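First the structure, in the form of structure tokens, and then the observations on it.
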Amino acid sequence: MTRKIEGGVPLPLVLGDQLCFAVYSTAHAFNRFYKPLLERLGLTYPQYLVMLVLWERDGVAVKEIGERLFLDSGTLTPLLKRMEGMGLVKRTRSTEDERQVLIALTAQGHELREKARTLPQSILSAAQCSVSEIAAMKDEIVKLRDRLNAAIGEGGGSVTP
């Protein structure tokens, strides 16, 4: 069965034709590829993402980390507590606003950055792409993500078949 959108253009209901499935299955491939690399660092993929945010700019609010990673505080707080228990980050209340929790790297968290430096090159090698090809793909995916997020905000994401 095929659904039609505006203008009568049919949308194929074939798994292999779905952009969403291509993105979903590629995300799984990334996770499988990263898993052994991150295990050597003692990190999960979400922990690695937090570390990337903090390696860019240390001492940021939980809210900012959540916004950058598209994670809510209910997901992020337990993750940060585990990372604190691992000795990678420290959580402190802001002196300017006690409602705000700031996350800063420990010495161990800073040291881990050096061990992680080879990860981007590993992805480039595995993907068999140039830096410019990877950058172009990333830019297109980010544009798509931003358009989808805007569509959700504008109309609840509903498309009438």
Kindly list, by first and then second residue, each pair from a residue in the stretch 81-94 that is on the phi > 0 side of the Ramachandran plot to a residue that is at pLDDT 95 or above, limited to pairs with Cβ atoms under 8 Å and residues at least 6 apart or on different chains.
-> 87/106; 87/108; 87/109
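Taking the stretch 25-51, which residues are of a type in the set (Gly, Ala, Ser) and in contact (Cβ under 8 Å) with a residue 40 or more places away in the chain?
The initial filter retains those residues of the stretch 25-51 that are of a type in the set (Gly, Ala, Ser), namely 25, 27, 29, 42.
Within the stretch 25-51, 42 is the sole residue that qualifies.
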Qualifying positions in the stretch 47-68 - within 12 Å of the chain's Cα centre (by Cα) and buried (at least 16 other Cβ atoms within 10 Å of the Cβ) = 47, 48, 49, 50, 51, 53, 65, 66
Quick one: residue 119 ticks every box in (1) more than 14 Å from residue 41 (Cβ to Cβ); (2) touching a residue at least 60 places away in the same chain (Cβ under 8 Å) except a single one, so which number is it?
-> (1)
For the stretch 1-119, which fully contained helices (runs of 4 or more DSSP H) count at least 2 residues that are touching a strand residue (DSSP E or B) at 6+ places or on another chain (Cβ under 8 Å) and within 26 Å of residue 150 (Cβ to Cβ)?
-> 45-56, 62-69
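Looking at residue 137, is it surrounded by 14 or more Cβ atoms within 10 Å (Cβ to Cβ) and not small (Gly, Ala, Ser)? Before the answer, list the steps.
Details: surrounded by 14 or more Cβ atoms within 10 Å (Cβ to Cβ): no; not small (Gly, Ala, Ser): yes.
It is false that residue 137 is surrounded by 14 or more Cβ atoms within 10 Å (Cβ to Cβ) and not small (Gly, Ala, Ser).
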Assess whether residue 116 counts as being surrounded by fewer than 12 Cβ atoms within 10 Å (Cβ to Cβ) and either among the β-branched types (Val, Ile, Thr) or at pLDDT 95 or above (or both).
-> no
Do we have any residue at all in the stretch 83-92 that's among the acidic types (Asp, Glu) and exposed (fewer than 13 other Cβ atoms within 10 Å of the Cβ)?
-> no
Give me the pairs: first residue in the stretch 98-116 and without any contact (Cβ under 8 Å) to a residue 40 or more places away in the chain, second residue in a strand (DSSP E or B) and surrounded by 14 or more Cβ atoms within 10 Å (Cβ to Cβ), beta-carbon distance under 8 Å, and six or more apart or on different chains, which are they?
-> 100/61; 106/89; 106/90
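The values are calculated or read from the model by the stated rules, or taken from the named source; none is laboratory data. Model, not experiment: these values are computed from the prediction. Because the Cβ atoms are built from the backbone with ideal geometry, glycine has one as well, and the counts that use them run over all protein chains shown.
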